[in-house]
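J.: Quick one: structure below, then a few questions.
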């Protein structure tokens, strides 16, 4: 967490987050700070607790204990309104298989209260080249297509914090390009992005900082770029 | 710790055994034989004691569940697990002895009497919760889900009793009160109360042992994980 | 005085049920207790040997 | 409060549109109920089926057993794509999720009840003879759905999944079923609301209790 004098107030501040998963203390004391416009790559072996950390930051699960856990200054996961500012992409597409891309995005637009949702969805679908398939059920899509729609779902409500849990797994090249352009755009509009992956090579050129999760602690990692 | 039983609770065990032996002595020697039921009436004392412990254990399990939900202390979940298991054993024995006692008096093995039906439904809830406990691995989730199911059971069983009480009832027996047409002489009442106390002590001893067993089993699981970590 | 019905058979049945039921549960508990104590001591040895390396 | 309602409606619309696409829950439940109706027809002599109290009991048995299918299915929708986490990550309250599931299940159950009640009276010409049946069966279905969704949220996270639901659910739903059967039976016998009131008040009380327990504890069950 090298503080190279970044003037902007930290969007997300997490200190000494602890979480026991089953009987194993997955997160011993994870501390993390994200400022707008930053793209942090978090690596670590499978089962090191990357997904658990992402779920805690997304408000899905509660940490056992944490000194501070604030989003835009306010204390975090309790209030539902806070989750409005977070977009989540997980290696599972998190879409309803029986519904079509359009219906899925319509549903999420409604619960995230996205203004003039229809144009927003149409423009996003065009950008990921899914305009033609928008009314087929998601289960008929390929993995890459599902992940693209899932990315749209995550940025639909223009979140300030974008959490991505191993988004690159199983993607075709076109989807990888789309994902990278989305990340680049996110960085430009001053979003904070946290990407977890077990393959540190992925999206290296996008990253501003690298972290590694070892023995339940976050260690900053300098890569020779 | 090779002992047959954890030393800590030896005193409790001894007291419980003594009390039970006295209770048995009272039942067979002190309490008079009931006139119109004959000797089988003596089953009544232990039957009520077992049924009482079954119900008490259900309430104890529910109490531990509430404490677990508020304090998230895994030990309460283990205690609740112990209480449920012991409660089930006592309830089944109570129902069994109840039907044996009922056989000569109403010459049916089973009566749809509200109290008996509710106790059996309580046993079903016990068994259900034990199945639930076995099929969840993560201790935190298991504790949370089991506590809630235990509280639901604790709410539902008395409701069952009220809803079926208006339904059909042969013997309006209230726990410890006058039994169906059986006049309770003072000696009988004393024997009854004494055996209820004796079995409550026995229950506490069993609960302590079963809880210790659950605690040691949990420690074994945790050290298993530590050993795994050391291998890396 | 009406003759007291002879229901001793049921009395014996009732109390054997109590004794056998409770005894069975206690035995069940001791067996499980012994198993877990043995497992724990095996683990303790494993732990000690592991720490010596 | 408007936001809660807004989320609730969105969630219910989603569940119903999934149901519209797959037509799974409702049709399967209905056919299952009809087959039980026929089995019971051969299993029991006509005298029991025709008598009004027998009729009420049989109808509720059919509803209870076939309702269990919809309980499993409703939570399964979320479990497939790990959608429960998507809903937990959304800015909606967990109670909204609970109520949406309970209402969807209630709609399925009530729809089935609206089919089974008249069908039963046609088959065994037992008189329905009062519109009170509509709201009494609605109460019964709501209590069933409110507690059922809660138990289903528990069992969906276990290894044994569908098998565990009946073992856990039926013992605790007994008070509600007794009250429902008694109230419906009283109405079938043509008694006025006044005389059936003790049972109906019990039915209402159970509804309130189970819904309250559901609202409070759903959050604990679904969060990791």
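J.: How high is the FRET efficiency from residue A:139 to residue B:107, r the C-beta distance, R0 56 Å, rounded to 0.05? Intermediate results must be reported in sequence, preceding the final value.
T.: Working: r = 63 Å, r/R0 = 1.12.
My answer for the efficiency is 0.35.
J.: Then there's this: What does the helix-only formula give at 222 nm for chain D: each DSSP H stretch with n ≥ 4 adding -39500 (n - 2.57), the total divided by the residues, and the result rounded to the nearest 500 deg cm²/dmol? Could you put the intermediate results ahead of the total?
T.: Working: 9 runs with 192 residues, N = 224.
Dividing the helical sum by the residues of chain D leaves -30000 deg cm²/dmol.
J.: Anyone know which of A:209, A:139, A:153 comes out most mobile in the 10 Å Cα GNM of chain A?
T.: Between A:209, A:139, A:153, it is A:139 that shows the largest mean-square fluctuation.
J.: Express as a percent, rounded to the nearest 5, the fraction of DSSP beta bridges in the protein assembly as shown (both residues included) that run antiparallel. Walk me through the intermediate numbers first.
T.: Details: 21 of 40 bridges.
That works out to approximately 50 percent antiparallel.
J.: Between the stretch D:45-98 and the stretch B:1-71, what is the separation of their alpha carbon centroids in Å?
T.: What the calculation gives is 40 Å, centre to centre.
J.: Can you grab the distance from the C-alpha centre of the stretch A:67-100 to the C-alpha centre of the stretch B:198-229, Å, no decimals?
T.: 39
J.: Moving to a separate point now. Please give the average number of partner chain Cβ atoms lying within 10 Å of the Cβ of each residue in B:203-214, rounded to a whole number.
T.: Working: counts 0, 0, 0, 4, 0, 0, 4, 4, 0, 2, 7, 2.
Going residue by residue through B:203-214 and averaging, the value is 2.
J.: Another one. Return the calculated 222 nm mean residue ellipticity for chain B, to the nearest 500 deg cm²/dmol, obtained by summing -39500 (n - 2.57) across DSSP H runs with n ≥ 4 and dividing by the residue count.
T.: Estimated from H runs of four or more residues: -26500 deg cm²/dmol.
J.: Then there's this: Compare the peptides D:78-86, A:212-220 by average per-residue count of other Cβ atoms within 10 angstrom and give them in order, highest first.
T.: Numbers: D:78-86: 18.7, A:212-220: 16.3.
The packing order, highest mean first, is D:78-86, A:212-220.
J.: In terms of the Cα gyration tensor, with a ≥ b ≥ c the square roots of its eigenvalues, is chain B rounded because a/c is under 1.5, prolate because a/b exceeds b/c, or oblate?
T.: Oblate.
J.: Would you mind checking the tilt of helix B:186-231 against the longest principal axis of the Cα atoms of chain B, expressed as 0 to 90 degrees and rounded to 10?
T.: Value to nearest ten degrees: 20.
J.: Would you list the P(r) distribution for the stretch D:2-222, with all Cα-Cα distances sorted into 10 Å bins from 0 and each bin expressed as a whole %?
T.: Percent of pairs per bin, in order: 8, 33, 35, 18, 5, 0.
J.: Still on this structure: In peptide A:13-23, how many Cβ atoms from other protein chains are near each Cβ within 10 Å, on average?
T.: Working: counts 0, 0, 0, 0, 0, 0, 2, 4, 3, 8, 12.
Other-chain Cβ atoms within 10 Å of each residue's Cβ, averaged: 3.
J.: Moving on to the next point. Can you order the peptides B:131-138, D:148-155 by their average number of other Cβ atoms within 10 Å per residue, highest first?
T.: Values: B:131-138: 16.6, D:148-155: 26.9.
Packing proxy ranking, top to bottom: D:148-155, B:131-138.
J.: Report the Cα centroid-to-centroid distance between the stretch D:168-224 and chain C in angstrom, as an integer.
T.: For the stretch D:168-224 versus chain C, the Cα centre distance is 40 Å.
J.: Under a GNM of chain B (C-alpha, springs under 10 Å), which listed residue has the highest mean-square fluctuation: B:28, B:199, B:64?
T.: B:28
J.: Please label the shape of the protein assembly as shown as rounded, prolate or oblate, based on the square roots a ≥ b ≥ c of the eigenvalues of the alpha-carbon gyration tensor (a/c under 1.5 means rounded; beyond that, a/b larger than b/c means prolate, else oblate).
T.: Details: a/c = 3.00, a/b = 1.46, b/c = 2.05.
Because a/c hits 1.5 or more and a/b fails to exceed b/c, the protein assembly as shown counts as oblate.
J.: So what is the relative contact order for the stretch D:2-222, in percent, with contacts set as C-alpha pairs under 8 Å and at least six apart? Don't skip to the end; give the middle numbers.
T.: Numbers: 234 pairs, mean separation 60.4, N = 221.
About 27 percent, as a whole number.
J.: For the Cα atoms of chain D, what angle does the longest principal axis make with the long axis of helix D:132-155, in degrees from 0 to 90, nearest 10?
T.: 40
J.: A follow-up question, please. Comparing A:90, A:132, A:175, which has the greatest mean-square fluctuation in the GNM of chain A with Cα pairs linked when under 10 Å apart?
T.: Highest fluctuation of the listed residues: A:132.
J.: Indicate, rounded to the nearest 5 percent, the antiparallel portion of the DSSP beta bridges found entirely in chain A. Could you put the intermediate results ahead of the total?
T.: Values: 19 of 38 bridges.
So the antiparallel bridges in chain A amount to around 50 percent.
J.: What is the angle, in °, between the Cα long axis of helix B:139-165 and the longest principal axis of the Cα atoms in chain B? Nearest 10 is fine, range 0 to 90.
T.: Helix B:139-165 sits roughly 20 degrees off the main axis of chain B.
J.: Does the stretch A:68-225 classify as rounded, prolate or oblate by the C-alpha gyration tensor (a ≥ b ≥ c root eigenvalues; a/c under 1.5 gives rounded; else a/b over b/c gives prolate, otherwise oblate)?
T.: Cα axes put the stretch A:68-225 in the oblate bin.
J.: Take peptide C:29-39, look around each residue's Cβ out to 10 angstrom, count Cβ atoms belonging to other protein chains, and average those counts.
T.: Per residue, the number of nearby Cβ atoms from other chains is 5 on average.
No lab work stands behind these numbers, since they all come straight from the coordinates. Note that this is a predicted model, so its numbers are computed, not measured. A quick note on method: Cβ atoms are made from the backbone with ideal geometry, for glycine too, and the neighbour counts reach across all protein chains shown.
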